[in-house]
Amino acid sequence: MRRPFSRAAVWQHFTAALVLIGAGATGSLDIYREYALYHRLHGEAEWDWTIPDQWYDQQL
């Protein structure tokens, strides 16, 4: 079963990785924490991991 990746999701993870690399290179993880907190506070939806299980159970 394959699920196509959305460009928005890939871009979000790519930018988060760049910020994390930059924060680690400068020795300051506070930058990444502020970045993550900003995205959590501004309505970034968390993935509900029960959805694939529910879909699979419905297919049986």
How do the peptides 34-41, 6-13 rank, highest first, by the average count of neighbouring beta carbon atoms within 10 Å per residue?
34-41, 6-13
Using a Förster distance of 22 angstrom, determine the FRET efficiency expected from the C-beta separation of LEU29 and TRP49, and round it to 0.05.
0.25
Phi angles of the range 14-22, converted by Karplus (6.51 cos²θ - 1.76 cosθ + 1.60, θ = phi - 60°) into ³J(HN,Hα) in whole Hz with x for Gly and Pro, give 5, 5, 5, 5, 5, 5, 5, 5, x
If R₀ is 25 angstrom, what is the calculated FRET efficiency for the pair ASP57 and GLN12, using the beta carbon separation as r and rounding to 0.05?
0.30
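All of the numbers you see were taken from the coordinates with simple rules; none came from a lab. The model shown is predicted, which means the values in this text are computed figures rather than measured ones. Every residue, glycine as well, gets a Cβ built from its backbone with ideal geometry; the counts of neighbours run over all protein chains shown.
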